[in-house]
Every structure is written in C-alpha cells, then in structure tokens.
1. Evaluate 2.2 N^0.38 Å with N set to the residue count of segment 158-197, then give the Cα radius of gyration divided by it.
2. In whole Hz, with x marking every Gly and Pro, tabulate ³J(HN,Hα) for segment 136-141 from phi via Karplus 6.51 cos²θ - 1.76 cosθ + 1.60, θ = phi - 60°.
3. Restricting everything to alpha-carbon atoms, can you work out Rg to Rh for segment 75-198 with a Kirkwood hydrodynamic radius?
4. What lysines does K79 reach when the alpha-carbon gap must be under 29 Å and sequence neighbours fewer than 8 apart in one chain are set aside?
5. Among the lysines, which fall within straight-line cross-link reach of K176, defined as a Cα-Cα distance under 19 Å, with same-chain neighbours fewer than 8 residues apart omitted?
6. Given 0.36 nm per residue, what is the gain on full extension from S166 to T40 after removing their alpha carbon distance, in nm?
7. For an R0 of 35 angstrom, estimate the FRET efficiency from the Cβ-Cβ distance between E98 and I128 and round to the nearest 0.05.
8. Could you tell me the calculated FRET efficiency between K66 and A90, based on Cβ-Cβ distance and R0 = 30 angstrom, to the nearest 0.05?
Amino acid sequence: MKSSFRSVHFSILLSLVFLLVSVGLVLASGGEGGEGHSGTQWKDFAWKTVNAVLIIGFLVYLLAPKIKSFFAGRRQEIKESLENATVQKAEAEKQYREYAEKIDKASQEIDGIFEMIKAQGVVEKQKIIEDAHKVAQKMKEDAQARIEQELKKASGQLRTEAVALSVQMAEEILKKNITKQDHETMVREYMDKVVNKN
C-alpha cells in the first residue's frame, strides 16, 4: 500500500516537473533580445523550477499523510456506502417479495370471500325459495281447512234449515189433512201407550 502511494507521489511530482519545464521552454523561446538575455532567462527559469519543485515536494511530503488518509477515508466511505446500498437493496427486495406475497395472499382471500359470498347467496336464495314454498303450502292447507270448515258449517246450517222446513211443512200438511176427530184419536192412543208403559 505504501509503495503504491509513493509511486503515485513520484508520478505526480514528475508530471509537475515536466509541466514546469515545458512552460519554461515556451517562455524562453518567446523572449526578445540577445543571447545574454536568453541565458539569464534560462538561469532564472531553472531557479524558479527548482524552487517550484522543492515547494511542491515539500508540500507533497507534508500533505501526503492527510491526502493518503483523505483518500483512504473516502475509499472506506465509498466501500461502506456500497455495502449499505447492497444491504438496503437486499432489504428492499426482501420487503418487495413480502409485499408481493401479501398482495397475492390478500387477492386470494378476496377471491375466496367473493366465492363464499356467492355460495352463501345461492344457499340463501335456495332457503328463501324453500321458505316461500313452505309458506305457500301452509297457506294452501289453511285455506283448505277453512273451506272444509265453512262447508261443514254451511252443511249443518242447511241440515238445520231443512229439518225446520220439513217440520214446518209436516205441520202444515197435518193441519190441512187432520181433522178434529183424528186429533182426538191420536191423543187418546198416545195416552193409552203412556198409561200402559207405567
């Protein structure tokens, strides 16, 4: 780990040196004046480059542990975030499966309840029809009993009226056909029968 971090430092430092040298060459090639002036620029550039390299090297040396800890901490945070995301994803998938199962179960229960209500409706309908048949049969039997009772009552009344009418007609016939003498003979015969019995 340390060797890889140092190789990263070295490559950063080398890149900065290359960048500074390139900038220096560009500045040196664009200068005006004679050869002496160009030499002064080169010396000036060399000192500036050395100063920049030393300052950058010193900064890298001082800041290396902090940069290292920053990137290590950042790597750890990213790793923990990925692990948390994986755990949360697994938890979310688990909850999704549980909810999907609950929804399927609820759907099946609703279908079962619907079928049960439908079956109960058929049973209730059948019971209502049977009850209606029983009530109709009872009404029919009650009506039949009343009819028979009324017929007996009417028949009894007719018989009573027929007897009364027969008696009345017999009385009228007797009144018209029996004479006073016949009447006396009948009374005498009746009396004789009563006396003989006692």
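1. Taking the Cα Rg and dividing by 2.2 N^0.38 Å, one obtains 1.55.
2. Result, rounded to whole Hz: 5, 5, 5, 4, 5, 5.
3. On the way: Rg = 49.1 Å, Rh = 25.6 Å.
Radius of gyration over Kirkwood radius for segment 75-198 works out to 1.92.
4. K2, K66, K68, K89, K94
5. none
6. So the extension gain works out to 28.0 nm.
7. 0.20
8. E(calc), rounded to 0.05, equals 0.25.
Since every read-out is calculated from the coordinates, none of them should be taken as a lab result. Computed from a predicted structure; not experimentally measured. Using ideal geometry, Cβ is built from the backbone for each residue, glycine included, and neighbour counts are taken over all protein chains shown.
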